[in-house]
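Worksheet: one structure, shown below.
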Amino acid sequence: MNAMADKYGEYKVGSIFLYSHEAHPGENYPHLTSMEQKFRHARDLRDVLDVTRPILVDSLDGACHRAYGSMPNMTWIFARSGLIVYKSDWTDAHSVENAIQYFSQIPSRRKVGERLAPFHVERLDYRNQEREQFYKCLERNGPKAVAEFRKAFPTG
Amino acid sequence: MDDRLTRYNYDSFVPEKFEPWMNFEASPKTGTVGLDFPLWDLDQTPTRLSEIWSRHDYTIVEFGSFT
């Protein structure tokens, strides 16, 4: 997602990471109890995982996150007017890039006189589960996070 | 902390604690204007989601956390 943000930045496409709540709290990164802790975890996200996009932090009660469905790693795309043009219950860089390639052509198509009308489409996309990387992340959170995920999803 | 804060910031990844929050089906529809909320950058400077999306033709917003 960071590489894509760099790639499409020159096409008037912005990209941010919005910090929500701890999906898999563990001994090293426990559940949030204060905004100070939330900012600290968000800075660790930037420094440890090398997130180069701007990181913004939601309120402690997750008002924004909850209003948009509270999924742990979802992606939304907004037009400059605030119009929601894409929503995905999981983040997949290929899916997002495919959408951005499509939407980034809209302004130039309008400039050359195309009369464009919106319509809705539903599509089932596929993501790489990257299990090994996921478990490495859980281990970083702490043994509790690993144990709870294995219990919740024994075949995961 | 009040009850909602505690429930949203659950302390254990167990289905009865995380499943109630997963409401993507009830989230805002494409083709509607997004709901606006206050946000903060890492320097704790306040901003708003609407301020973010108004800066570019399109803005990608990835939700997530360290864990």
Explain nothing, just the number: dipole magnitude of the protein assembly as shown about its Cα centre with +1 on each Lys and Arg Cβ and -1 on each Asp and Glu Cβ, in debye rounded to the nearest 20. 640
Name the lysines eligible as straight-distance cross-link partners of B:LYS29: C-alpha to C-alpha under 26 Å, and not fewer than 8 places from it in the same chain. A:LYS12, A:LYS87, B:LYS17
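Based on DSSP, what percent of beta bridges with both residues in the protein assembly as shown are antiparallel, to the nearest 5?
On the way: 15 of 25 bridges.
Taking every DSSP beta bridge with both residues in the protein assembly as shown, the antiparallel ones total about 60 percent.
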So what's Rg/Rh here for segment B:1-50, counting alpha carbon atoms and using the Kirkwood radius for Rh? 1.06
Rounded to whole Å, give me the distance from the Cα center of segment A:93-156 to that of segment A:1-52. 16
Net charge of neighbours whose Cβ lies under 14 Å from the Cβ of A:PHE39, counting Lys and Arg as +1 and Asp and Glu as -1: -3
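Ignore the peptide's own chain and count Cβ atoms of other chains within 10 Å of each Cβ in A:145-153; give me the average, rounded.
Mean inter-chain Cβ contacts per residue within 10 Å come to 3.
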With a point put 7 Å past each Cα toward its Cβ, work out how far B:ASP3 is from A:ASN128 in nm, to one decimal. 4.5
Computed label-point distance, nm, for sites A:THR33 and A:LYS151 using a 7 Å Cα→Cβ extension: 2.0
Give me the net charge of B:TYR8's neighbourhood, meaning all other residues with Cβ under 15 Å from the Cβ of B:TYR8; Lys, Arg count +1, Asp, Glu -1. -3
Using a Gaussian network model on chain A with a 10 Å cutoff between Cα atoms, which of A:ARG53, A:ARG110, A:ARG43 fluctuates the most? A:ARG110
Value of D in µm² per second that Stokes-Einstein yields for segment A:2-152, Kirkwood Rh from Cα pairs, at 25 °C (0.890 mPa s): 139
Set Lys and Arg Cβ to +1 and Asp and Glu Cβ to -1, take the dipole of segment A:2-152 about its Cα centre, and tell me which of A:LEU56, A:TYR102, A:VAL146 lies farthest positive. A:TYR102
Here, B:GLU51 and A:GLN101, labelled 7 Å along Cα→Cβ, have an inter-label distance in nm of 3.5
For segment A:50-156, listing chymotrypsin sites (Phe, Trp or Tyr not before Pro) in a DSSP loop whose Cβ sees at most 15 other Cβ atoms within 10 Å gives A:TRP90, A:PHE119, A:TYR126
Local electrostatic count at B:SER50 - Lys and Arg +1, Asp and Glu -1, tallied over other residues with Cβ under 14 Å: +1
Spherically averaged projected area of segment A:20-76 from its Cα convex hull (nm²): 4.1
Within a Gaussian network of chain A (alpha carbon springs, distance under 10 Å), most fluctuating of A:VAL57, A:VAL85, A:VAL48: A:VAL48
Keeping all protein chains in place and using 1.4 angstrom, which order do B:THR32, B:THR59 fall into by accessible surface area, from largest down? B:THR32, B:THR59
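The values are calculated or read from the model by the stated rules, or taken from the named source; none is laboratory data. Computed from a predicted structure; not experimentally measured. No Cβ is skipped: glycine too gets one built from the backbone with ideal geometry, and neighbour counts run over all protein chains shown. Quick note on the areas: whole protein, heavy atoms, side chains included, nothing else; ligands and nucleic acids left out. Shrake-Rupley method; radii C 1.70, N 1.55, O 1.52, S 1.80 Å.
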